[in-house]
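Asker: The structure that follows is given in the form of structure tokens.
The values are calculated or read from the model by the stated rules, or taken from the named source; none is laboratory data. Since the structure is predicted, the reported quantities are computational estimates derived from the model, not experimental observations. No Cβ is skipped: glycine too gets one built from the backbone with ideal geometry, and neighbour counts run over all protein chains shown. Accessible surface areas use protein heavy atoms only, side chains included; no ligands, DNA or RNA. Shrake-Rupley method; radii C 1.70, N 1.55, O 1.52, S 1.80 Å.
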Amino acid sequence: MKLKRRDFINTAALTGAGLMMAPGFTFAKRRADSRLRLGFIGVGLRGTWHLKNSLKRDDVDVVAICDTNSERLEICRKHIADAGHKKAQEFGDNDYDYRNLLELSKVDAVIISTPWLWHTPMTVDAMKAGKYAGVEVSAATSLAECWDLVNTHEETGTHMMILENVNYRRDVMAVLNMVRQNVFGEMIHYRCGYQHDLRHVKFNNGEQPYGGGIEFGEKAASEAQWRTLHSLKRNADLYPTHGVGPIATYADINRGNRFMSLTSHASKSRGLHDYLVREGGTDHPNAKLKWKLGDVVTTTIDTANGETIIVSHDTNLPRPYSLGFRVQGTRGLWEVDGNRIYIEGQSEPHKWDEADEWLKKYDHPLWKKFGDDAEGAGHGGMDFFVLNAFVESAKRNIAPPLDAYDAAAWSAITPLSEVSIANNGEVQDFPDFTRARWIKRQPYNWIKDTW
Ligand SMILES: NC(=O)c1ccc[n+]([C@@H]2O[C@H](COP(=O)([O-])OP(=O)(O)OC[C@H]3O[C@@H](n4cnc5c(N)ncnc54)[C@H](O)[C@@H]3O)[C@@H](O)[C@H]2O)c1
């Protein structure tokens with residue numbers, strides 16, 4: 001669906017909001033076979049992956065890159081040259097130089113892969129500048145930011161996509177196919193989470209992105225420069241979308257269903273302190289810090305259609321990676337841990353099947369078609385598909401599969417869980433970011449082999 005320009009929006013309102021540029025409304029429909037001229041804001045580890053994957057496509061021109069770290073620009077300049085592409089215009093003189101990139105008429109769309117606190121301001125500015133915006137996860141850090149994304153999208157008519165790659169994981173998409181074909185019956189309950197030992201990401205030696213030391217902030221490199229501070233200052237599910245994104249799609253959130261409320265509880269916080277003491281000794285200044293983030297944060301969400309979703313956030317303790325998916329209906333369930341499926345009437349009674357056969361049988365048409373292209377794209381191939389969905393939607397200037405309402409509803413889990421935890425698990429209502437349109441909005445057509 002293409003949004004119509006709202007009459008009440010005028011230039012004054014938009015420039016008054018901080019951007020001294022004429023709002024470019026993205027109404028001219030581009031042809032599907034046209035090329036997309038892409039700008040990149042933030043080309044750290046993640047942005048560089050997106051850039052490299054874009055360079056492999058024959059329908060994308062990388063025309064501008066922006067990063068405040070000149071070393072990152074240099075790395076990307078080399079990738080662009082190695083791929084035989086024309087030099088991109090470069091920005092990054094200061095934190096707001098990205099706004100100069102957004103003024104370029106040669107940029108159709110931008111991919112934003114900066115630290116979390118920049119996501120919403122940059123996405124809002126991009127939409128105001130008429131640039132189709134893709135933003136990394138999570139998209140927002142407060143309820144006010146969630147509303148900013150929705151309001152700006154509606155006011156400008158410009159689209160944004162939350163670049164949640166896990167929605168495109170092969171098993172996740174096969175299970176989506178099974179959900180759509182009613183293999184699990186009527187859906188009842190879901191579990192998911194971000195269960196990833198990030199201690200070596202939260203601390204490093206300033207020279208490498210992972211481990212080798214226990215510094216964070218200015219003395220550290222990559223994510224430890226900015227991500228770790230959130231663990232010091234906030235007790236919340238800080239990173240909900242890798243788990244909740246796929247579940248929201250299964251449950252048609254914002255499209256016939258919605259998140260209604262949540263309650264959240266946090267365990268005590270020991271993991272980071274324990275790690276710091278063991279790695280750096282009790283005298284290291286970081287061993288004296290009090291970390292706010294509970295080691296295991298557990299959130300339970302109610303949906304309008306009566307499903308429950310348990311979401312875990314577990315990033316401070318030693319553990320192998322798992323997003324902990326469980327997808328359960330009246331006829332059976334999938335559990336990612338243990339790689340197992342049980343379908344009543346088809347599985348041996350009370351015995352699990354290995355998931356592999358089922359996942360192969362219901363392999364998603366996108367993976368069947370593009371599985372080979374996806375190889376090497378990062379994160380087991382799913383990065384290819386999330387970029388593909390973004391580029392194909394942006395080329396046509398149509399609504400993306402994962403839109404501003406999704407970005408808002410999923411990201412809202414962070415601030416809502418924070419308030420719930422601070423109030424002994426008090427129930428928090430989700431704002432209805434669709435303003436009741438979830439009742440009539442149709443589910444996105446996921447089961448196709450295009451994007
Ligand atoms: N979807 C995934 O699987 C996945 C994986 C990793 C990271 N991420 C997300 O991607 C984002 C970036 O993570 P990362 O690992 O690349 O972090 P990073 O620290 O390596 O990169 C962030 C980059 O942003 C730049 N930057 C900061 N402020 C800027 C500004 N004002 N203007 C321009 N550039 C600025 C930094 O210099 C840095 O190069 C985060 O939101 C993270 O959560 C997603």
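Asker: In whole Å, how far is the Cα centre of region 129-150 from that of region 405-421?
Answerer: 13 Å
Asker: Might you report the magnitude of the Cβ-based charge dipole of region 240-358 about its Cα centre, with Lys and Arg at +1 and Asp and Glu at -1, to the nearest 20 debye?
Answerer: On the way: 13 positive and 16 negative charges, 142 e Å.
Dipole size: approximately 680 debye.
Asker: When you count, for each residue, the other Cβ atoms within 10 Å and take the mean per peptide, how do 272-280, 238-246, 404-412, 387-395 rank with the highest first? Walk me through the intermediate numbers first.
Answerer: Numbers: 272-280: 17.9, 238-246: 26.1, 404-412: 27.9, 387-395: 22.9.
Result, highest mean Cβ count within 10 Å first: 404-412, 238-246, 387-395, 272-280.
Asker: Something else about it: Accessible area per residue of the chain at 1.4 Å probe, in Å²?
Answerer: On the way: 18950 Å² over 451 residues.
Solvent-accessible surface per residue comes out at 42 Å².
Asker: Let me ask another. Apply the Karplus curve 6.51 cos²θ - 1.76 cosθ + 1.60, θ = phi - 60°, to the phi angles in region 82-99 and return the couplings in whole Hz, x for Gly and Pro.
Answerer: Taking θ as phi minus 60°, the curve returns 4, 7, x, 9, 5, 4, 8, 5, 10, 9, x, 4, 8, 4, 10, 5, 4, 5 Hz for region 82-99.
Asker: Name the residues whose placed amide hydrogens come within less than 5 Å of the amide hydrogen of ASN305, ignoring near sequence neighbours (fewer than 5 apart) on the same chain.
Answerer: Residues meeting the amide H criterion: ARG258.
Asker: May I ask you to list the residues of region 213-238 whose amide nitrogen lies under 11 Å from a point 7 Å from Cα along the Cα→beta-carbon direction of ARG278?
Answerer: none
Asker: Return the subset of LYS56/LYS87; LYS52/LYS106; LYS87/LYS219; LYS86/LYS202 for which the Cα-Cα distance in this structure is over 24 Å, preserving the input order. Provide the component values of the computation, followed by the final result.
Answerer: Working: LYS56/LYS87 15 Å; LYS52/LYS106 20 Å; LYS87/LYS219 32 Å; LYS86/LYS202 36 Å.
Too far apart for the 24 Å limit: LYS87/LYS219; LYS86/LYS202.
Asker: Ignoring everything except DSSP H segments at least 4 long, calculate the 222 nm mean residue ellipticity for the chain; use -39,500 (n - 2.57) per segment, divide by total residues, nearest 500.
Answerer: Values: 16 runs with 154 residues, N = 451.
Rounded to the nearest 500, the figure is -10000 deg cm²/dmol.
Asker: Enumerate the calculated ³J(HN,Hα) couplings along region 252-265 in order (Karplus 6.51 cos²θ - 1.76 cosθ + 1.60, θ = phi - 60°), each rounded to whole Hz, writing x wherever the residue is Gly or Pro.
Answerer: 6, 4, 6, 9, x, 7, 7, 6, 9, 8, 9, 10, 9, 9
Asker: Report, to the nearest whole %, how much of the accessible area of the chain belongs to carbon and sulfur atoms, 1.4 Å probe, protein only. Write out the running numbers ahead of the final one.
Answerer: Values: 9340 of 18950 Å².
Of all accessible area on the chain, carbon and sulfur atoms account for 49 percent.
Asker: Could you give each residue of region 382-389 its phi-based ³J(HN,Hα) in whole Hz, using Karplus coefficients 6.51, -1.76, 1.60 with θ = phi - 60°, and x for Gly or Pro?
Answerer: Computed from phi, the couplings for region 382-389 are 5, 5, 4, 6, 5, 5, 4, 5 Hz.
Asker: Hey, another quick one. Restricting to the chain, what percent of DSSP beta bridges are antiparallel, rounded to 5?
Answerer: Numbers: 31 of 60 bridges.
For the chain, the DSSP antiparallel bridge percentage is about 50.
Asker: With +1 on the Cβ of every Lys and Arg and -1 on the Cβ of every Asp and Glu, and nothing else charged, how large is the dipole of the chain about its Cα centre, in debye rounded to the nearest 20? Present the calculation step by step, with values, prior to reporting the outcome.
Answerer: Working: 56 positive and 59 negative charges, 198 e Å.
Dipole of the chain, to the nearest 20 debye: 940 debye.
Asker: What residues have an amide H closer than 5 Å to that of THR114, excluding those fewer than 5 places away on the same chain, when H is modeled at 1.01 Å from N in the peptide plane?
Answerer: GLU136
Asker: Report the relative contact order of region 178-271, percent, no decimals, based on alpha-carbon pairs under 8 angstrom and at least 6 residues apart.
Answerer: Over region 178-271, the number comes to 20 percent.
Asker: Just give me a number: lysine pairs in region 264-414, eight or more positions apart or cross-chain, with C-alpha atoms less than 20 Å apart. Please report the intermediate quantities before stating the final value.
Answerer: Numbers: LYS268/LYS288; LYS268/LYS290; LYS268/LYS292; LYS351/LYS360; LYS351/LYS361; LYS360/LYS368; LYS360/LYS369; LYS361/LYS369.
So the count of such lysine pairs works out to 8.
Asker: Starting from the Cα gyration tensor of the chain, take the square roots of the eigenvalues, sort them a ≥ b ≥ c, and report rounded, prolate or oblate (rounded when a/c is under 1.5, otherwise prolate if a/b is larger than b/c, else oblate).
Answerer: Working: a/c = 1.39, a/b = 1.11, b/c = 1.25.
Rounded shape, in that the Cα axes give a/c under 1.5.
Asker: A further question follows. Enumerate the amide H contacts of VAL62 below 5 Å, restricted to partners 5 or more residues apart or on another chain; note that Pro and chain-start residues carry no placed amide H.
Answerer: LEU38
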